Each structure stands twice: as C-alpha cells, then as structure tokens.
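Novice: I'd like to ask some things about the structure below.
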Amino acid sequence: MAYKITDTCVACGTCQGECPVGAISEGDIYSIDADTCISCGTCASVCPTGAIEEA
Ligand code: SF4
C-alpha cells in the first residue's frame, strides 16, 4: 500500500521535503513512487489541500 496524490494538488511542494524516503517527484501535480513509499503518512498530514490519500 502506498499513498497517492490526487488532482487537488496545487504543486506547492510542501510534501516533497517531508517524505523520509524521497518518494515524491515534482510535476504539474506531484506524484509518489509507489515502490519507494513506505506508507508512513507524513505527506498526507502536511498537505495544505488534503490532496494525498491512501491508494
Ligand atoms: Fe513518503 Fe511517507 Fe508520503 Fe510515502 S506516505 S510518499 S513514504 S511521506
């Protein structure tokens, strides 16, 4: 199980610096590498738009 970023993302970049395993990549909306994610939930807790949810 990994987390995923939905289209509510405004590409603010807040989550990227918080991920302990570097699973989050920049883009028009940010994305999470499911193979790297350890499902810690840190990104979901810091996202200002609530765009990150469990996949
Ligand atoms: Fe990174 Fe944790 Fe978010 Fe997975 S759940 S992308 S490991 S911060």
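Novice: From the set of residues in region 28-45 that are of a type in the set (A, V, I, L, M) and more than 9 Å from the chain's Cα centre (by Cα), which is farthest from the ligand (Cβ to nearest atom)?
Specialist: Going through the qualifying residues, I end up with Ile29.
Novice: State yes or no: is Ile24 among the aliphatic types (A, V, I, L, M), modelled with pLDDT of 95 or more and near the ligand (Cβ under 7 Å from one of its atoms)?
Specialist: Taking the combined requirement at face value, the residue satisfies it.
Novice: When the residues of region 9-55 are narrowed to those that are without any contact (Cβ under 8 Å) to a residue 40 or more places away in the chain and not in a loop (DSSP other than H, G, I, E, B), which ends up surrounded by the fewest Cβ atoms within 10 Å (Cβ to Cβ)?
Specialist: Ser45
The values are calculated or read from the model by the stated rules, or taken from the named source; none is laboratory data. Predicted, not measured: the structure shown is a model, and the values here were computed from it. Positions of Cβ are backbone-derived with ideal geometry, glycine not excepted, and every protein chain shown enters the neighbour counts.
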